[in-house]
Amino acid sequence: MRAPLLAVLVLLTPGLFAQNTSSDWSTPAEQSNYRTTPDYAATMAYLRRVAAAQPQQVRIEPFGKTGEGRELDIVIASKDGVFDPDKLHAAKRPIVLVQNAIHAGEMDGKDSCLALLRDMVIDGKEAALLDRAAFVFIPMYNADGHERRSPYNRINQNGPEEMGWRGNGSNLNLNRDYMKADAPETRAFMAMFHRWLPDFFVDDHVTDGADFQYDVTFTIEHFANLHADTGRWLEASVIPDLEHQVDASGHLASPTYISLVDDNDPSKGLDFDAFVPRFSTGYMNLENRPSMLVEMHMLKDYKTRVTGNYELLRALFEVVNRDADKLIALNAAADREAEQLGAHPLSNVGYPLALAWSGETTPFLFRGYQYTRELSAVSGTMWVQYSHQPWNVTLPLQTGAKVAASAVPPAAYIIPPQWTQVIDVLAAHQVVMHRTTAEWTAPVETYRCTGGNWQQPPFEGHHPMFAGEGSKGHPGEPQHCTLVTETMTFPANSAVVELNQRLSHVAMAWLEPMASDSAMAWNAFDPIFEQREEGEPYVVEKLARAMMAKDPKLKTEFEQRVQNDPKFAASPRARLEFFYDHSQWMDPKLGLYPVGRLTKLNGVPLPSSVSN
Ligand SMILES: [Zn+2]
């Protein structure tokens, strides 16, 4: 009996037996001595081998598909086989979600996560990092870009031999898609993220930009839209600890992403990126969760980068295990605060929609390289050439963020049902909405806006209403909108979004038109700026003469404009439009924001199950 049974087992699970006999758990990158990074199939094969060897501690779960149809996976490491996010939350075990290869040419984090997983669950060297924390990571978020491999994908980067591509299968930059959620990868991420609701989020990248001594740079935003107590904990405990631990491991960390004020003149100092929610780490502020942007330095060799990324993640797990209760309490407090956003106290507490720099700086000991500058005949401007001689100098680091645009939170928003894309994006973000049961007319707060600032050329498949990326990812020029009160009619089935939920900040960031990544900024409301009817010149000519005969004041206004405004005077079209625009034929909805801001829910026809 025994022999046939064993034979059956061997036949059924040949791979398992073969794998368990091998004692070599080097990651593919380690096996190549960091010359190469594994492709999608080889990465997943390694991870499946780890999961098969330690099924009690590791599970791989699909969470969606890329545009090209590749499976997107998360890897979950939990010391005692609890792989259910609800049970982990109930047990007060903080969940750390690490995202890799969103820019798939920058895969240092993926190879460091493979090694960290191995050290946690196979050789047990780092098993203690799972004492309280659960480790969840996305090995290859931009999996389609990851498979577009070439030695020529990252001109600034020192290895590995081949690497993936920055854009996804449709060439969208997924790290500009967190708010508008155009890509299937983003939609899959949102569903997975809200199922897990991690306590700390990490996004692994490789820099572009200047040359300097640091191999590890990271930014943890600790102001702006983040819960204030969380910001204080990050600033006082987390950031310095990570820096010291990474330095103690033999790497050199900068606790801020190195961004030069002037790329051609490092001596002018550094600025600090505040993240708007098109970026993963900016979006996490709206989710009331702390996050870390990791940027390994592009010119360091691949081994230095992967092991440096490893040390930073290892240090983060030490902090999260040590401060597990604090982190969980801070996140709960941040959620409660978000649930109060629409309570609408009689104060003018605004919600920051955009940040600018106050001009405040702090001295920062920068460990750069000495450089020379000379006028280049190629570019016609200064050419910076870095040496590898250390240049340790105190430079001004811009730190003072100030609110550039803000809005008082309403109690709720109401969105007419025909704006399907606007509602669909909120649904993808899992914002709670209720539909009205009948048509409703009432005076509500809204905005009168002017268009005309659409960006050229396209940016992320849009012509958004902000300039460029904004300066280095800072918010661009906001749209021009004025708060007004108007009587508006909302059809039955309009979507009501109350700001009494943990995703209140997401709702505001999408529905306040002046916000950096609003539906308005990303073109969802462009049609409100299009004039649908026009008068034929010979028809308007008649209208103009009749209006002037009836209204001498209007006639004077017109004549003065002709006299004082040569451009106007020279445009037959503008002269006729003057009368059309002042007539009852003018569309009263042109430039009128269709979304209402409700200061209270009294009278709004909502299902009886919704208490208001
Ligand atoms: Zn990147």
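Condition first: open to solvent by less than 10 Å² (accessible area, probe 1.4 Å), modelled with pLDDT of 95 or more, closer than 17 Å to Asp204 by Cα and within 16 Å of the ligand (Cβ to nearest atom). Can you find one or more residues in segment 77-98 that meet it? Scanning segment 77-98 turns up at least one residue that is open to solvent by less than 10 Å² (accessible area, probe 1.4 Å), modelled with pLDDT of 95 or more, closer than 17 Å to Asp204 by Cα and within 16 Å of the ligand (Cβ to nearest atom).
Number of residues in segment 191-207 that are of a type in the set (A, V, I, L, M), away from the ligand (no atom under 11 Å from the Cβ) and crowded, with 22+ Cβ neighbours inside 10 Å: the value is 1.
Gly368 falls short on exactly one of the conditions (1) touching a helix residue (DSSP H, G or I) at 6+ places or on another chain (Cβ under 7 Å); (2) of a type in the set (Gly, Ala, Ser); (3) over 30 Å from Tyr34 (Cβ atoms), and that condition is (3).
If you scan segment 75-100, which residues turn out to be part of a loop (DSSP other than H, G, I, E, B) and either of a type in the set (Phe, Trp, Tyr) or touching a residue at least 12 places away in the same chain (Cβ under 8 Å) (or both)?
Answer for segment 75-100, where residues must be part of a loop (DSSP other than H, G, I, E, B) and either of a type in the set (Phe, Trp, Tyr) or touching a residue at least 12 places away in the same chain (Cβ under 8 Å) (or both): Ser78, Lys79, Asp80, Gly81, Val82, Phe83, Lys92, Arg93, Pro94, Asn100.
Considering only residues in segment 161-181 that are surrounded by 19 or more Cβ atoms within 10 Å (Cβ to Cβ) and away from the ligand (no atom under 16 Å from the Cβ), the one that is farthest from Val431 (Cα to Cα) turns out to be Gly169. Could we say that Val422 is closer than 20 Å to Ala492 by Cα, surrounded by 18 or more Cβ atoms within 10 Å (Cβ to Cβ) and in contact with a helix residue (DSSP H, G or I) (Cβ under 6 Å, 6 or more places away or on another chain) here? It is false that Val422 is closer than 20 Å to Ala492 by Cα, surrounded by 18 or more Cβ atoms within 10 Å (Cβ to Cβ) and in contact with a helix residue (DSSP H, G or I) (Cβ under 6 Å, 6 or more places away or on another chain). Just one of the numbered conditions (1) more than 23 Å from the chain's Cα centre (by Cα); (2) within 16 Å of the ligand (Cβ to nearest atom); (3) not aliphatic (A, V, I, L, M) is not true of Ser112: (1).
On inspection, Asn158 qualifies as within 16 Å of the ligand (Cβ to nearest atom), part of a loop (DSSP other than H, G, I, E, B) and in contact with a Leu (Cβ under 8 Å, 6 or more places away or on another chain). Cβ-Cβ contacts under 6 Å between residues 6 or more apart (or on different chains), taken from a first residue in segment 262-285 that is under 21 Å from Thr362 (Cα atoms) to a second residue that is part of a helix (DSSP H, G or I) and open to solvent by less than 30 Å² (accessible area, probe 1.4 Å), are listed as Asp273/Gly473; Phe275/Thr281; Phe275/Gly282. Within segment 103-121, residues that are outside any loop (DSSP other than H, G, I, E, B) have Cβ atoms under 7 Å from residues that are of a type in the set (S, T, N, Q) and away from the ligand (no atom under 16 Å from the Cβ) in these pairs: Lys110/Thr43; Asp111/Thr27; Leu114/Thr27; Ala115/Thr27; Arg118/Thr27; Val121/Gln54; Val121/Gln57, counting only partners at least 6 apart in sequence or on another chain.
Of the numbered criteria (1) farther than 28 Å from Gly452 by Cβ; (2) out of contact with any Gly (no Cβ under 8 Å at 6 or more places or on another chain); (3) open to solvent by less than 10 Å² (accessible area, probe 1.4 Å); (4) among the small types (Gly, Ala, Ser), the one Ser504 fails is (2).
Among residues of segment 535-569 being closer than 15 Å to Asp581 by Cα and of a type in the set (Phe, Trp, Tyr), the one that is nearest to the chain's Cα centre (by Cα) is Phe568. Note on segment 260-285: residues that are closer than 22 Å to Tyr178 by Cα and not aromatic (Phe, Trp, Tyr) amount to 10.
Scanning segment 260-292 for residues that are surrounded by fewer than 24 Cβ atoms within 10 Å (Cβ to Cβ), at pLDDT 90 or above and part of a strand (DSSP E or B) yields Leu260, Leu270. The set of residues from segment 208-225 being more than 16 Å from the ligand (Cβ to nearest atom) and either assigned to a strand (DSSP E or B) or at positive phi (or both) comprises Phe212, Ala224. Scanning segment 295-336 for residues that are under 21 Å from Glu235 (Cα atoms) and touching a His at 6+ places or on another chain (Cβ under 6 Å), we see that the one that is nearest to the ligand (Cβ to nearest atom) is Glu295.
The values are calculated or read from the model by the stated rules, or taken from the named source; none is laboratory data. Keep in mind the model is a prediction, meaning the values are calculated, not measured. Don't worry about glycine lacking a Cβ; one is built from the backbone with ideal geometry, like all the others, and counts go over all protein chains shown. Heads up: the accessible areas ignore ligands, DNA and RNA and are worked out on the full protein's heavy atoms, side chains in. Shrake-Rupley method; radii C 1.70, N 1.55, O 1.52, S 1.80 Å.
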